[in-house]
1. Rg to Rh for segment 57-121: what is it, with Cα atoms only and Rh by Kirkwood?
2. If one puts a single equal scatterer on every Cα of the chain and applies the Debye formula without solvent, what log₁₀ I(q)/I(0) results at q = 0.10, 0.17 Å⁻¹?
3. Loop-only GluC sites (Glu not before Pro) in segment 19-103, please: DSSP not H, G, I, E or B, and at most 11 other Cβ atoms within 10 Å.
4. Excluding residue 84 itself, calculate the net charge of residues whose Cβ lies under 13 Å from the Cβ of residue 84, where each Lys or Arg counts +1 and each Asp or Glu counts -1.
5. Carbon and sulfur atoms: what percent of the 1.4 Å accessible area of the chain do they account for?
6. Rounded to whole Hz and in sequence order, give me ³J(HN,Hα) for segment 105-115 from the Karplus expression 6.51 cos²θ - 1.76 cosθ + 1.60, θ = phi - 60°, writing x for Gly and Pro.
7. Tally Lys/Arg at +1 and Asp/Glu at -1 over every other residue whose Cβ is under 13 Å from the Cβ of residue 17; what's the total?
8. Taking segment 1-92, which chymotrypsin sites (Phe, Trp or Tyr not before Pro) meet the DSSP loop condition and have no more than 15 other C-beta atoms within 10 Å?
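The values are calculated or read from the model by the stated rules, or taken from the named source; none is laboratory data. Because the structure is predicted, anything quoted here is derived from the model rather than measured. Backbone-built Cβ (ideal geometry, glycine too); neighbour counts: all protein chains shown. The area values use the complete protein model at the heavy-atom level, side chains included, leaving out ligands, DNA and RNA. Shrake-Rupley method; radii C 1.70, N 1.55, O 1.52, S 1.80 Å.
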Amino acid sequence: QVQLVESGGGLVQAGGSLRLSCAASGRTSSSNAMGWFRQAPGKEREFVAAIGWSGYRTHYADSVKGRFTISRDNAKNTAYLQMNSLKPEDTAVYYCAAKSDYDLRDIRYHYWGQGTQVTVSS
């Protein structure tokens, strides 16, 4: 089992930045791929970004390319999502996820955090 805890959410004005963190514990060897998803009110959860174990391979949703950057520090068992140029439509609960396989384009994850709220005001 892998436990994931997100932090760093909050309220920010449009154009601003936030950095989300996801701390993993437990069987962290099962977190070869880590990802971020989000769910806005009344909408389905959607993929945002994913990163492989080494940190060199990444994959992004088209809606966040060029604005968001995913990274990870394996020594700290933590993944990050740097979000710049935020827009009101980025408002959502952001979830961290982890899985043991390496396919970044497969959005089926085994482990999930509880989520952190990001609100972008216009």
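1. With Rg and the Kirkwood Rh in hand, the quotient comes to 0.95.
2. -0.26, -0.76
3. In loop regions of segment 19-103 (DSSP not H, G, I, E or B), the sparsely surrounded GluC sites (Glu not before Pro) are 44.
4. Around residue 84, the charge tally is +3.
5. In the chain, the share of accessible area belonging to carbon and sulfur is 46 percent.
6. With the stated coefficients, segment 105-115 comes to 8, 8, 8, 8, 10, 8, 10, 9, x, 8, x Hz.
7. Around residue 17, the charge tally is +2.
8. 53, 56
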